[in-house]
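Shown next, in structure tokens, is the structure this report addresses.
The values are calculated or read from the model by the stated rules, or taken from the named source; none is laboratory data. Keep in mind that what you see is a predicted model, and the values were worked out from it rather than measured. Neighbour counts run over all protein chains shown; Cβ positions are idealised from the backbone, glycine included.
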Amino acid sequence: IGSPKAWSTSLDELIAGAKKEGKVSWVSSFPLPQTQKLSADFEKKYGIKVEYQRKGGVGTAVAFENDQKMKIYKFDLYHAGPTEHYPQMYNAGYLIRIDDLPEWKSIIPEFKDPRGYYAPLRVVTLGILYNTSLVKPEEVPKTLKELAEDPKWKGRLCTSDPAVAGGALTFYRWAVSHPKLGIEWVRDLKRKQNMTIFGQHGPSYSAISSGRNHLAVEQQDYRHARKPKNPCGWVYPEEGFPVQPVHMAI
């Protein structure tokens, strides 16, 4: 990890330096199957071993910040939410510029750092996930207000913990600031519906797929939507939904 002024290395020099070190260390909230595929492709192309550690988005940010304060440098690559952590890392001098990497120009300008220090590896949206075997499309709540108030869904809802998962933090922070929702909507969702809260996104999808829960407030996850015979449907509520770019930085 270098300071913002330290970046003057070409891509070829960066690759040569990584080969000399023998490995690249990566901490991320990215799902394990996708990480394994990316790591294998990277190792095949560059001959550099990839070490990976997965943490929830919020947990990744906390662990990284604590390591930096103690001058413990475990990771070369950082990828996780919450999004606002990246400007903080830039201001603290933890990041190096990446705007001369080949993919930089192809990234949507609104999503990447205008100074050139971080950009999204993926972009996720959040809304209502449901089990298509247990809930008919016309039964799915069209609004988040309905989701929190309809007694039909009591004990049948689940979500990820915003204290752990970056996507959940993004969603509930958006809901609290929404003029038609607010903090009372969040409280109603938990109090009236007795909603199950999981630490990460994966268990929510498993709970919906298995029928343990009928509906979830979750981020859209193509891993599960693309599985054959997977009974998962998706609805965007009428109040709108947040879009979260999940950045990566060096």
Inset, instruction - For ASN66, work out the one condition from (1) free of Cβ contacts under 8 Å to residues at least 60 places away in the same chain; (2) polar (S, T, N, Q); (3) crowded, with 17+ Cβ neighbours inside 10 Å it doesn't fulfil. - result: (3)
Legend entry - Scope segment 71-88; condition surrounded by fewer than 21 Cβ atoms within 10 Å (Cβ to Cβ), over 22 Å from LEU32 (Cα atoms) and within 21 Å of the chain's Cα centre (by Cα); matching residues: GLU84, PRO87, GLN88
Inset, instruction - Return only the number of the condition from (1) β-branched (Val, Ile, Thr); (2) over 23 Å from GLU84 (Cβ atoms); (3) without any contact (Cβ under 8 Å) to a residue 12 or more places away in the chain that ILE48 does not satisfy. - result: (3)
Inset, instruction - Could you pull out every one of the helices (runs of 4 or more DSSP H) wholly within segment 24-140 that has 2 or more residues that are out of contact with any Pro (no Cβ under 7 Å at 6 or more places or on another chain) and under 29 Å from GLY211 (Cα atoms)? - result: 32-46
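Looking at segment 174-185, can you tell me whether even one residue there is under 30 Å from TRP104 (Cβ atoms), of a type outside the set (Val, Ile, Thr) and at pLDDT 90 or above?
Applying the first criterion (under 30 Å from TRP104 (Cβ atoms)) to segment 174-185 yields 174.
Of the ones still in play, those that are also of a type outside the set (Val, Ile, Thr) are 174.
After this cut, where a residue has to be at pLDDT 90 or above as well, the list is 174.
Yes, that holds for at least one residue.
Considering only segment 219-230, I want to know if a residue exists there that is modelled with pLDDT of 85 or more, farther than 21 Å from HIS79 by Cβ and not small (Gly, Ala, Ser). Explain how you work it out, then say what you get.
Taking segment 219-230 first, the residues modelled with pLDDT of 85 or more are none.
Checked segment 219-230: no residue is modelled with pLDDT of 85 or more, farther than 21 Å from HIS79 by Cβ and not small (Gly, Ala, Ser).
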Inset, instruction - Output yes when any residue across segment 188-203 is within 22 Å of the chain's Cα centre (by Cα) and surrounded by fewer than 13 Cβ atoms within 10 Å (Cβ to Cβ), and no when none is. - result: no
Legend entry - Residues that are closer than 12 Å to SER160 by Cα and not in a helix (DSSP H, G or I), drawn from segment 178-214: MET195, THR196, ILE197, PHE198, GLY199, GLN200
Inset, instruction - Would you point out which residue out of TYR46, TYR86 is modelled with pLDDT of 80 or more, touching a His at 6+ places or on another chain (Cβ under 7 Å) and either under 15 Å from LEU169 (Cα atoms) or not assigned by TED's automatic domain parsing to the domain that holds THR170 (or both)? - result: TYR86
